[in-house]
Amino acid sequence: MKVGIAGAGSIAFGTAALLKQMGHEPMLWSPSGEGTAELRSAGDLTAAGAIELTFTPGIASDAKELAASSDVIVVAVPGYGHKAIMDALAPHLAAGQPVIISSHASFGALYLADRLAARGVELPITAWGTTAVTGRRQGGTRVQVNTVRSLIDMCTIPESSTDAGKALCERLFGERFNLRDGLLAITLSNLNPQNHMGIALANMTRMEKGEAWGQGENVTPNVGRLLEALDKERLAIAEKLGLAVRTIFEHFHLSFHVPVASISDMNQEMHKMGRGGTGPSTGDSRYVTEDVPFGLAVTVALGKMAGCPAVLHQAGVEIFSAMYGRDFFAENDLLPAIGLEEMTLDDLRQAVSTGCLGEGGERA
């Protein structure tokens, strides 16, 4: 299949490599043009690590070309870029043309569905709880793929398209998908924000100094216990909402193929196996700029709606806001766009089931 990828960062490059390995034809689009500038002249993209492959992806000049040239669209940019990407794509997507969000953030699927409804266009939108690959982009033509995940939580809106959405994902990426009970469960299935919060807080000076450091080996016992405590908050909200989501222990076991133990021990084992990854070498990292406003803040909002406060998650947003001199709660542009503050929990449940915003949403 022809698969358009909106994005040109680490995840976009790694996703393109996985698609090519699976026999599909990926096309990349960099909104700024900078992310694909070297590829336009060099031609080949090289993946190393968990995927060893050199290939020539298509390059789109704009959102219109990406949509017109693709059977399926994959959104593979950080959460802070989702609204802008969706605004650019919405005028050009065709009825029935599937969209996959890798990974979903801040009910962006609802925002995109609402933009399309304004045009009278309906299409299935599949939301992943995490990305299919992990890795680091190494220059403009290379990507180091650290891991290809063995299990990815997903759902599709409207819910009536769920089976077709799963079948499409498996055709594109292989049998690695697990259906979750709707968009609320997917939102609470993304463990990156809570995990990155603990890792970034504990290693901020390394990040600011631009040091090279191993991430897994620096999830020490104290850091591991913080991640476990954050996970208990997330699981408590899911239980209050009647949702089944993976634990942090299951996440590391399934994503990085290590035996279940304490979170610190699992990360130390990942490091020994060469799967621990490298930590961010800048304070301007998506661990903070994406995961705090588009991850932690969403868990805080859901906790309030469910009557199950996420105290540690809220403290994380406030601490990072103080450290960076920014209001990370205010930097989320998707939650206001769907009118989450005006929604009741019943409004939200209805919206994630049908893909239509109700009276509390933007289209009221």
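The values are calculated or read from the model by the stated rules, or taken from the named source; none is laboratory data. This is a predicted model, so every value here is computed, not measured. In this analysis, Cβ positions are derived from the backbone assuming ideal geometry, glycine residues included, and neighbour counts consider all displayed protein chains. The protein model used for the area step is the full one, side chains on, heavy atoms only, and it has no ligands, DNA or RNA in it. Shrake-Rupley method; radii C 1.70, N 1.55, O 1.52, S 1.80 Å.
For N178, the residues whose amide H sits under 5 Å from its own are I152, D153, M154, ignoring neighbours fewer than 5 places away on the same chain, with H placed 1.01 Å from N.
Each residue was assigned an accessible area with a 1.4 Å probe, and for R171 the value is about 150 Å². What separates the Cα centres of segment 23-57 and segment 186-207 is a distance of 28 Å.
Which order do the peptides 50-57, 94-101, 122-129 take when ranked by the mean count of other beta-carbon atoms within 10 Å per residue, highest first?
The peptides rank, most packed first, as 122-129, 94-101, 50-57.
Taken per residue, the accessible surface of segment 84-127 reaches 27 Å², heavy atoms only and a 1.4 Å probe. In the chain, helices alone account for a calculated mean residue ellipticity at 222 nm of -12500 deg cm²/dmol, with every DSSP H run of four or more residues adding -39,500 (n - 2.57). Charge dipole of the chain (Cα centre as origin; +1 on each Lys and Arg Cβ, -1 on each Asp and Glu Cβ, all else neutral): 660 debye, rounded to the nearest 20. Modelled spin labels at I319 and T278, positioned 7 Å past Cα toward Cβ, are 2.6 nm from each other. Could you tell me whether segment 293-356 comes out rounded, prolate or oblate from its Cα gyration tensor? Rule is a ≥ b ≥ c as square roots of the eigenvalues, rounded for a/c under 1.5, then prolate if a/b exceeds b/c, otherwise oblate. Taking the square roots of the gyration eigenvalues as a ≥ b ≥ c, segment 293-356 is oblate. Annotation for E341 and R119: the two label points, set 7 Å from Cα along the Cα-Cβ direction, are 3.0 nm apart.
Packing, as the average of other Cβ atoms within 10 Å across residues, places the peptides 253-263, 5-15 in the order 5-15, 253-263, highest first. State whether segment 243-304 is rounded, prolate or oblate according to the following rule on the C-alpha gyration tensor (a ≥ b ≥ c being the square roots of its eigenvalues): a/c under 1.5 gives rounded; otherwise a/b larger than b/c gives prolate, and the remaining case gives oblate. Judged from the Cα gyration tensor, segment 243-304 comes out oblate (a/c at least 1.5, b/c at or above a/b). Taking packing as the residue-averaged number of other Cβ atoms within 10 angstrom, the listed peptides 103-116, 178-191, 17-30, 341-354 run from highest to lowest as 103-116, 178-191, 17-30, 341-354. Would you mind checking K240/K272; K2/K209; K2/K304; K20/K240; K83/K166; K83/K272 for any pair whose Cα atoms are more than 30 angstrom apart? Cα-Cα > 30 Å for K240/K272; K2/K209; K2/K304; K20/K240; K83/K272; rest within. Sparsely packed loop sites in segment 259-335 (the chymotrypsin sites (Phe, Trp or Tyr not before Pro) outside DSSP H, G, I, E and B with at most 10 other Cβ atoms within 10 Å) do not occur. Across segment 211-217, computed HN-Hα scalar couplings (Karplus, 6.51 cos²θ - 1.76 cosθ + 1.60, θ = phi - 60°) run 6, 8, 8, x, 5, x, 5 Hz from first to last residue, x flagging Gly and Pro. Apolar share of the accessible surface for the chain: 49 percent from carbon plus sulfur atoms, 1.4 Å probe.
What the phi angles of segment 44-60 give under the Karplus curve with 6.51, -1.76 and 1.60, with θ = phi - 60°, is a coupling list of 8, 10, 10, 10, 9, x, 5, 10, 10, 6, 10, 8, 10, x, x, 10, 9 Hz, glycine and proline written as x. Shape class for segment 60-186: oblate, because the ratio a/c of the largest to smallest gyration tensor axis (alpha-carbon atoms, square roots of eigenvalues) is 1.5 or more and b/c is at least a/b. The label-point distance for R40 and V311, in a model that sets each label 7 Å from Cα toward Cβ, rounds to 5.4 nm.
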